[in-house]
Amino acid sequence: MTQQALPITHINNFYKAPHFLPAYATRERFNLPLFSLYILLHVLALAAPLTYSWQGLTALLAMYFLTICLGITLCYHRLLTHRSYNTNRAVKYLLTFLGCLAFQRGPIWWAACHRLHHSKVDKEQDPHSPRYSLIWSHFLWAFFWHPQLDEEQETTNRLALDLASDSGMRFFEKHYTSLNILCLLGLLGLGYLWGGWKIGLSVLVWGGFLRLVLCLNITWLVNSACHIWGYQTYDTGDRSRNNWWVALLTWGEGWHNNHHADARAARNGHRWYEVDPTYWIIQLMRQLGLANNIVPVRPELSLAEPLKTK
Ligand SMILES: [Zn+2]
Ligand SMILES: [Zn+2]
């Protein structure tokens, strides 16, 4: 890591490049059923203003914390993908269950995809680099079968061998869609018990459909916004950025340039003002005896000053 000017030119314009899709994104590889499902989710979420209740809003906030903070950030990303800390089997499976409810596919595929991102960051093989376009990096990438991740099962298994050899993870990989359907039914039932069918519908729409739409887009911001807008502390040779508003929305994941500089570290916020609530939870887990082998930030990194980014 050096502290010199970045070798990236026209950083603010690259996402306007004319080739907005990679070559493999052909019509044959377009996942129309999944895309239709996501469009349907967005349409169903439009019912939110008509079904508002404080119980629905409470369900949305609770599910946002459970599925994004605990499920995706704490578990899928820092625990399963990067092994930034260790926990016992029961907690690992409970957190993985919550990660499945974010409807971002199973833990094995998610970890393989993200490890591929780290190994090929902003290069041609990166599954979601904004080198093609903003909309590709934000959501379009998710609706095309990836030549390695989806068409070569061995590649996915090789990238996430530790998870693919775990029968519990294979269970979640196979059944994450069913778990999401059960979750939606559970929200409807919980709302019904809370105050009848009207509240049941409200909890389903707000805690289910609207929460899924918001949370998917919040997670996708790490792939899009955090490779476009923000500052670079470290010259990582890629386009990763530290972005404060994405960090606030994602419970600390927006410190993405820090993360690319030291992917295994459990703490993504390297400075006092880089708030990282997920790391606070890892610290709390350690105090409760639920987290160990927490990987620290490499000491030479924590002293670096922010680079001036054009
Ligand atoms: Zn990245
Ligand atoms: Zn990562």
Using a cut-off of under 13 Å, list every residue of the stretch 88-113 whose amide N is near the label point 7 Å from the Cα of ALA62 along the Cα-to-beta-carbon line. none
In whole angstrom, how far apart do the alpha carbon centroids of the stretch 150-183 and the stretch 188-210 sit? 30
Under a straight-distance cross-link criterion of Cα-Cα below 18 Å, which aspartates and glutamates are reachable from LYS92, leaving out those fewer than 8 residues away in the same chain? ASP162, ASP166, GLU173
Just tell me the longest site-free run in the chain, where the sites are GluC sites (Glu not before Pro) in a DSSP loop having at most 11 other beta-carbon atoms within 10 Å. 125-299
Global size of the stretch 27-287 as Cα Rg and Dmax, reported in angstrom: 18.1, 56
Exposure proxy check: TYR52, TYR132 ranked by fewest other beta carbons within 10 Å? TYR52, TYR132
What's the extension gain from PHE171 to TRP272 if we count 0.36 nm per residue and subtract their Cα-Cα distance? 32.4 nm
Taking the alpha-carbon centre of each part, the distance from the stretch 231-287 to the stretch 49-97 in Å is 18
Per-residue Cβ contact counts at 10 Å, fewest first, order MET63, MET169 as MET169, MET63
State which helices in the chain qualify, where a helix is a whole DSSP H run, it must extend 24 Å or more along its own axis by its Cα atoms, and its mean Kyte-Doolittle hydropathy must be at least -1.0. 167-195
What is the fewest-to-most order of TYR24, TYR38 by other Cβ atoms lying within 10 Å of their Cβ? TYR24, TYR38
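Every number in this text was worked out from the coordinates using simple rules, so none of it is lab data. Just so you know, these numbers come straight off a predicted model, no measurement behind them. Cβ sites come from the backbone with ideal geometry, for glycine too, and all protein chains shown count toward neighbours.
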